[in-house]
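I have placed the structure first, in the form of structure tokens, so that the comments after it can refer back to it.
Readers should treat all values here as calculations from the given coordinates under stated rules, not as data from a laboratory. Keep in mind that what you see is a predicted model, and the values were worked out from it rather than measured. Heads up, the Cβs are rebuilt from the backbone with ideal geometry, glycines too, and the neighbour counts pull from every protein chain shown.
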Amino acid sequence: MFEGRQLVTGQALVSPALAAEQTEDDALELVVREHARLVYRVAYSVLRNHHDAEDATQETFLRVLRYRRKLAGIRDSRTWLARIAWRVALERRKAPEVRLEDEPPARHVSSTEASADEALLGQEMCAVFDVLIAALPAKLRDPLLLSALEEMSMADIAEVLGINPAAARSRLFRARRILREKFAALPGRL
């Protein structure tokens with residue numbers, strides 16, 4: 001249609017194909033800027049390792065780059081990206097990798113006013129919850145992580161996991177109930 005013509009964008013003359021490519025690149029860059037942290041957090045919630053989550057984030061955006069032509073037709077890019085990140089992270093979790101060392105997840109004290117005892121107690125509580133959450137069955141753990149860590153809505157959780165919203169709500173309710181019971185049964189509750 002516009003094959004022989006050129007469009008004026010700014011001060012330069014640009015072919016329609018180049019203008020369309022620039023528009024796609026701009027849209028892709030905007031998606032990366034807006035959602036990079038979300039993609040990383042989703043990957044980290046599955047993998048629980050900083051380096052693996054970074055790799056999964058890069059893989060997610062490589063897939064988005066590969067399918068960038070579909071980006072214009074996506075109605076909710078946040079959920080679409082979370083779903084891709086979730087699948088990439090699950091694939092990475094299933095694929096065994098040989099590591100020279102496993103590092104524990106970094107724990108940061110959010111308050112500079114906390115004493116050393118309070119900071120240690122907070123770290124121990126996080127470690128206990130990590131163990132309790134990791135002990136949950138995957139079908140209960142996944143909605144809990146997406147809800148608590150990623151603050152996703154039930155509709156988004158259902159879409160990411162490929163289940164209906166009622167099932168997502170039910171699984172989240174059961175996961176919270178099991179965590180509450182296990183935490184109540186802990187000796188001394190820290």
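Sorted by mean Cβ packing within 10 Å, highest first, what order do the peptides 123-135, 167-179 take?
167-179, 123-135
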Given a Förster radius of 30 Å and the C-beta distance between VAL128 and SER170 as r, what FRET efficiency does 1/(1 + (r/R0)^6) yield to the nearest 0.05? 0.75
Computed E for GLU34/LYS94 - FRET, C-beta separation, R0 25 angstrom, nearest 0.05: 0.30
A correct Karplus calculation of ³J(HN,Hα) over segment 35-47, with 6.51 cos²θ - 1.76 cosθ + 1.60, θ = phi - 60°, whole Hz and x for Gly and Pro, returns 10, 4, 5, 4, 4, 4, 5, 5, 4, 5, 5, 8, 8
What does segment 116-184 give for Rg and for Dmax, in Å, if only its C-alpha atoms count? 13.5, 45
Can you work out the FRET efficiency for the pair ALA135 and HIS51, with r the C-beta to C-beta distance and R0 = 22 Å, to the nearest 0.05? 0.35
Quick check: residue separation of ALA148 and ASP25 times 0.36 nm, minus the Cα distance between them. What number comes out in nm? 41.0 nm
Under 25 Å from the Cα of LYS182 - lysines, other chains or at least 8 residues apart: LYS139
